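For reference, the structure discussed in these notes is given below.
The values are calculated or read from the model by the stated rules, or taken from the named source; none is laboratory data. Quantities reported herein were computed from a predicted structural model and do not represent experimental measurements. Note: ideal-geometry Cβ built from the backbone for every residue, glycine included; neighbour counts use all protein chains shown. Accessible surface is based on the protein model in full, side chains and every heavy atom, while ligands, DNA and RNA are left aside. Shrake-Rupley method; radii C 1.70, N 1.55, O 1.52, S 1.80 Å.
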Amino acid sequence: MKKISIVVPCYNEEEAIPLFYEAFLKETSGMPVEFEFVFVDDGSRDATLPAMEALHERDERVHYISFSRNFGKESAMFAGMENTTGDYVAIMDVDLQDPPALLKDMLHGIEEEGYDCVASRRVTRSGEPKIRSFFARAFYRLINKISQTEIVDGARDFRLMTRQMVDSILSLREVSRFSKGLFSWVGFKTKWLEYENIERVAGETKWSFWKLLLYSIDGIIGFSTAPLAIASIAGVVFCIAAFLMLLFFFFKTILFGDPVAGFPATICIVLLLGGIQLFCIGILGQYLSKTYLETKNRPIYIIRRKA
Ligand code: UDP
Ligand code: MG
């Protein structure tokens with residue numbers, strides 16, 4: 001019998017963990033596979049770890065990893081995947097926004113249809129603030145224009161993968177991880193299952209608008225160097241404009257003389273150019289800082305307790 005490892009990242013999810021476990025077993029009963037659970041406690045401040053320990057006591061298929069602090073969902077998924085032993089690995093949120101019942105179709109996609117990965121994609125964003133949906137859509141449009149790697153709109157981390165694909169993802173050891181990009185970067189044949197957005201069962205979302213914004217910048221910097229090219233192009237455009245203006249003022253002065261005027265315009269131009277320069281240096285700085293962080297080669301997570 002094949003074994004499926006379920007990786008579940010959890011951050012302050014004491015209420016959701018038992019609900020997830022019960023619902024999971026109910027919805028997947030009858031599947032002809034063995035399960036293994038790897039719960040990852042991402043430095044929670046509530047009783048998430050005791051909830052995991054309780055499950056571990058009850059069910060020997062349940063394992064857990066507890067981080068020394070909050071490292072973020074990306075690190076939690078990585079740690080979880082690194083500690084799985086199954087033939088297939090699935091990543092699931094603990095809030096039941098990823099319906100366990102879909103696992104049957106996912107398994108079918110891999111075993112019968114020959115895919116390496118079956119992933120899920122939500123086609124609606126109901127229950128989400130309008131403004132957030134707007135920015136999310138804009139982000140996907142932008143990143144797909146400037147990145148070679150396809151980033152699928154609405155793709156969730158919920159997916160079932162073969163051991164081969166999981167091992168390839170684990171071989172990418174970068175510290176700023178943007179999974180939506182990494183999954184697609186490693187390639188392999190992926191089938192997409194679509195479903196409607198589901199609200200979480202308990203607790204609340206861990207993603208503030210600000211966190212999402214920073215995460216999207218990680219995505220852009222991790223999977224595109226277009227902003228660097230944009231900075232260079234802006235430089236060239238402004239050089240050409242400056243040269244044309246130089247010619248214009250040179251001949252204007254020769255023909256009509258040079259009464260001193262245009263002081264406000266000068267200030268505006270100085271400010272504009274200063275702004276553009278700082279902006280471009282900022283872009284450089286973003287890439288430099290990511291490079292700096294990566295060269296330190298720090299571990300992606302640190303374990304405090306594990307079972
Ligand atoms: N999560 C985590 N570390 C974090 C933030 C979130 O492990 O720093 C987990 C969280 O417990 C949940 C999953 O990642 O199982 C998805 O988080 P959430 O439901 O808050 O995100 P949303 O579904 O709103 O995008
Ligand atoms: Mg959620």
Members of segment 257-295 that are aromatic (F, W, Y) and either open to solvent by 70 Å² or more (accessible area, probe 1.4 Å) or under 17 Å from C239 (Cβ atoms) (or both): F263, F279, Y292
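Listed here are the residues, each with its yes/no results for (1) touching a Lys or Arg at 6+ places or on another chain (Cβ under 8 Å); (2) outside any helix (DSSP H, G or I).
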| residue | (1), (2) |
| --- | --- |
| F158 | no, yes |
| I169 | no, no |
| S176 | yes, yes |
| S216 | no, no |
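Checking the conditions here, which among F209, F223 is touching a Ser or Thr at 6+ places or on another chain (Cβ under 7 Å), in contact (Cβ under 8 Å) with a residue 60 or more places away in the chain and either within 16 Å of ligand 1 (Cβ to nearest atom) or open to solvent by less than 90 Å² (accessible area, probe 1.4 Å) (or both)?
F223
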Residue among A261, A265 that is assigned to a loop (DSSP other than H, G, I, E, B) and out of contact with any Gly (no Cβ under 8 Å at 6 or more places or on another chain): A261
Positions within segment 96-123 being within 16 Å of ligand 2 (Cβ to nearest atom) and either closer than 21 Å to R45 by Cα or not small (G, A, S) (or both), in sequence order: L96, Q97, D98, P99, P100, L102, R121, R122
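A quick yes/no check of all residues on (1) at pLDDT below 90; (2) touching a Lys or Arg at 6+ places or on another chain (Cβ under 8 Å); (3) not hydrophobic (A, V, I, L, M, F, W, C):
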residue: D98; (1), (2), (3): yes, yes, yes
residue: C117; (1), (2), (3): no, yes, no
residue: G127; (1), (2), (3): yes, no, yes
residue: A136; (1), (2), (3): yes, yes, no
Cβ pairs under 9 Å, 6+ apart, first in segment 90-102 and of a type in the set (S, T, N, Q), second more than 9 Å from ligand 1 (Cβ to nearest atom) and modelled with pLDDT of 90 or more: Q97/F158
Candidate set from segment 63-82 (those that are assigned to a helix (DSSP H, G or I) and not small (G, A, S)); member that is farthest from L172 (Cα to Cα): K73
Unmet requirement for L170, which otherwise passes all of (1) aliphatic (A, V, I, L, M); (2) more than 15 Å from ligand 2 (Cβ to nearest atom); (3) crowded, with 16+ Cβ neighbours inside 10 Å: (3)
Every residue from segment 72-95 that is away from ligand 2 (no atom under 16 Å from the Cβ), surrounded by 21 or more Cβ atoms within 10 Å (Cβ to Cβ) and hydrophobic (A, V, I, L, M, F, W, C): F78, A79, V89
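Kindly indicate whether any position in segment 241-248 is open to solvent by 80 Å² or more (accessible area, probe 1.4 Å), within 16 Å of ligand 1 (Cβ to nearest atom), of a type outside the set (D, E) and out of contact with any Leu (no Cβ under 7 Å at 6 or more places or on another chain).
Taking every residue of segment 241-248 in turn, none turns out to be open to solvent by 80 Å² or more (accessible area, probe 1.4 Å), within 16 Å of ligand 1 (Cβ to nearest atom), of a type outside the set (D, E) and out of contact with any Leu (no Cβ under 7 Å at 6 or more places or on another chain).
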Any hit, segment 76-98, residues being under 25 Å from V123 (Cβ atoms), more than 20 Å from the chain's Cα centre (by Cα) and among the aliphatic types (A, V, I, L, M): no
Answer residue from segment 97-106, given it is open to solvent by less than 30 Å² (accessible area, probe 1.4 Å) and within 16 Å of ligand 1 (Cβ to nearest atom) and is nearest to F35 (Cα to Cα) among those: P100
Enumeration of residues in segment 14-56 that are within 19 Å of Y301 (Cα to Cα), open to solvent by 10 Å² or more (accessible area, probe 1.4 Å) and not hydrophobic (A, V, I, L, M, F, W, C): G43, S44, R45
Scope segment 146-167; condition in contact (Cβ under 8 Å) with a residue 12 or more places away in the chain and open to solvent by 60 Å² or more (accessible area, probe 1.4 Å); matching residues: Q148, E150, R163, Q164
Which listed residue, of F243, F279, is of a type outside the set (D, E, K, R), more than 25 Å from G219 (Cα to Cα) and either at pLDDT 85 or above or part of a helix (DSSP H, G or I) (or both): F243
Failed item, numbered, when E53 is tested on (1) within 18 Å of R304 (Cβ to Cβ); (2) in contact (Cβ under 8 Å) with a residue 60 or more places away in the chain; (3) out of contact with any Gly (no Cβ under 8 Å at 6 or more places or on another chain); (4) within 16 Å of ligand 2 (Cβ to nearest atom): (4)
